[in-house]
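Comments concern the structure below.
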Amino acid sequence: MRAVRLVELLVRLQLRGATSATELASALDVSARTVYRDVEALSAAGVPVYTEVGRNGGIRIDPAYRVAGLPRLDTPEARGVLFAVVPAIAAQLGLDAAAVDRTLLPAMEASTETAARTVRDRLLVEPTHWFVPQDDTPALADVATAVWESREVRLTYRGTDVVVRPLGLILKGDKWYLLGHAQRGVDRLFRLSRIDAVELRDLRFHRPPDFDLAEAWTALRQAFLDSIPEYVVTVRVAPAAEPLLAMLEEGRPELPLPDDVERDEHGWARLDLRFERPDRAARHLLRLGAEVEVLAPPEMRERMRDAVLGLAALYLDDR
């Protein structure tokens, strides 16, 4: 057991640099006294591990020392490894994923290198839509720097200046968001394409120890969804048109339709679809053609009728 612990201690020191005895003790599930005894044993065996006192001190290992097969990564390299299989995202964040292929992968053990290259060669992530222009996000690289380094930023967001403690970046589809603490410590989302200017400040902050980016994003996303107005449209759908419901970008029901969905004698399904606004509902439903009929509310039937009559008049004109 001790041999395994000593190897793990070395690996942690090589990957993380200076580390306190308390941190190592917690990670290794031993006492700080045991950590110091292990360091003494390694040093006596000729391993260049030592302890430094002071504010920036801790237990260190000589940077030139290598645990077999394990390259020492600086911060940008470590991030590059994480993004090696998503170079499109790495480029947006100002990271050089190609450097991983040139320098870091060859430094790994042969089996590890093979596994890493297998993932890279078999998985490609392209976070863009086919025909929708990508958001312009000139502030992304600076905001990412602030996130990595836990530095405050002053944003000009939609014409208003706000000081933010950035806690994480989220890529939702092809849209980038910043999640951070704004004034009075309130969690807030900022869409990167709406940032007019960003100023990196010298003030660094401590991330809340209990902060979880995924949980915070889930809560804010749900709050946003709950805040969206709901406009309910009742429709009847022909059986042949049910697959077309998948085309709806908004108001899409559960598909395939459940067995207990209400149907008339011709098999047409009666559904309540939820949209944000009447104009959006009409635009989406018109795409589905004559096999989807709006039943209610009355003003939506009238809106659909007017749109169809206008379309018919356009094509019946013999000009």
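Collect the residues in region 263-272 that are under 16 Å from Gly289 (Cα atoms) and not in a strand (DSSP E or B), keeping them in residue-number order.
Trp268, the sole residue that qualifies.
So Pro298 ticks every box in (1) under 28 Å from Val132 (Cα atoms); (2) modelled with pLDDT of 95 or more; (3) not hydroxyl-bearing (Ser, Thr, Tyr) but one. Which box is left unticked?
The failed condition is (1).
Scanning for something under 30 Å from His181 (Cβ atoms) and either free of Cβ contacts under 8 Å to residues at least 24 places away in the same chain or hydrophobic (A, V, I, L, M, F, W, C) (or both), does region 253-276 turn up at least one residue?
No, because not a single residue in region 253-276 is under 30 Å from His181 (Cβ atoms) and either free of Cβ contacts under 8 Å to residues at least 24 places away in the same chain or hydrophobic (A, V, I, L, M, F, W, C) (or both).
Going through region 302-319 one residue at a time, which ones are among the small types (Gly, Ala, Ser) and loosely packed, with under 14 Cβ neighbours inside 10 Å?
The answer is Gly310, Ala312, Ala313.
Would you be able to tell me the number of residues in region 204-262 that are loosely packed, with under 11 Cβ neighbours inside 10 Å, in a loop (DSSP other than H, G, I, E, B) and not charged (D, E, K, R)?
Residues meeting the conditions: 4.
Among the β-branched types (Val, Ile, Thr) and exposed (fewer than 14 other Cβ atoms within 10 Å of the Cβ) - does that describe any residue in region 282-301?
No, because not a single residue in region 282-301 is among the β-branched types (Val, Ile, Thr) and exposed (fewer than 14 other Cβ atoms within 10 Å of the Cβ).
How many residues are among the hydrophobic types (A, V, I, L, M, F, W, C) and touching a strand residue (DSSP E or B) at 6+ places or on another chain (Cβ under 8 Å) if we restrict to region 272-287?
Looking only at that region, the number is 4.
To keep it simple, each residue is scored yes or no on (1) out of contact with any helix residue (DSSP H, G or I) (no Cβ under 6 Å at 6 or more places or on another chain); (2) without any contact (Cβ under 8 Å) to a residue 40 or more places away in the chain.
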position: Ser150; (1), (2): yes, no
position: Val153; (1), (2): no, no
position: Arg158; (1), (2): no, yes
position: Asp161; (1), (2): yes, yes
position: Val164; (1), (2): yes, yes
position: Leu167; (1), (2): yes, no
position: Lys175; (1), (2): yes, no
position: His181; (1), (2): yes, yes
position: Arg184; (1), (2): yes, yes
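Out of all the residues in region 13-37, which are part of a helix (DSSP H, G or I) and under 14 Å from Arg60 (Cβ atoms)?
Selection gives Leu13, Gln14, Leu15, Arg16, Ala21, Glu23, Leu24, Val35, Tyr36.
Residues of region 136-175 being surrounded by fewer than 16 Cβ atoms within 10 Å (Cβ to Cβ), charged (D, E, K, R) and either on the phi < 0 side of the Ramachandran plot or under 18 Å from the mean Cα position of the chain (by Cα) (or both), which ones?
Result: Asp136, Glu149, Arg154, Asp161, Lys172, Asp174, Lys175.
Have a look at Ala246, Ala241, Ala307, Ala281 and point out the one that is over 37 Å from the mean Cα position of the chain (by Cα) and either within 29 Å of His129 (Cα to Cα) or touching a residue at least 12 places away in the same chain (Cβ under 8 Å) (or both).
Of the residues listed, the single one that is over 37 Å from the mean Cα position of the chain (by Cα) and either within 29 Å of His129 (Cα to Cα) or touching a residue at least 12 places away in the same chain (Cβ under 8 Å) (or both) is Ala307.
State whether the residues of region 253-271 include one that is of a type in the set (Gly, Ala, Ser), in contact with a strand residue (DSSP E or B) (Cβ under 7 Å, 6 or more places away or on another chain) and at pLDDT 95 or above.
Yes.
Hey, does region 55-74 have a residue that's within 30 Å of Leu169 (Cβ to Cβ) and at pLDDT 75 or above?
yes
For Leu244, are the conditions met, namely being touching a helix residue (DSSP H, G or I) at 6+ places or on another chain (Cβ under 6 Å) and in the same structural domain as Pro297 (by TED's automatic domain parsing)?
Against the criterion (touching a helix residue (DSSP H, G or I) at 6+ places or on another chain (Cβ under 6 Å) and in the same structural domain as Pro297 (by TED's automatic domain parsing)), Leu244 does not qualify.
The values are calculated or read from the model by the stated rules, or taken from the named source; none is laboratory data. Model, not experiment: these values are computed from the prediction. Methodologically, a virtual Cβ is constructed for each residue, glycine included, from the backbone with ideal geometry; neighbour enumeration extends over all protein chains shown.
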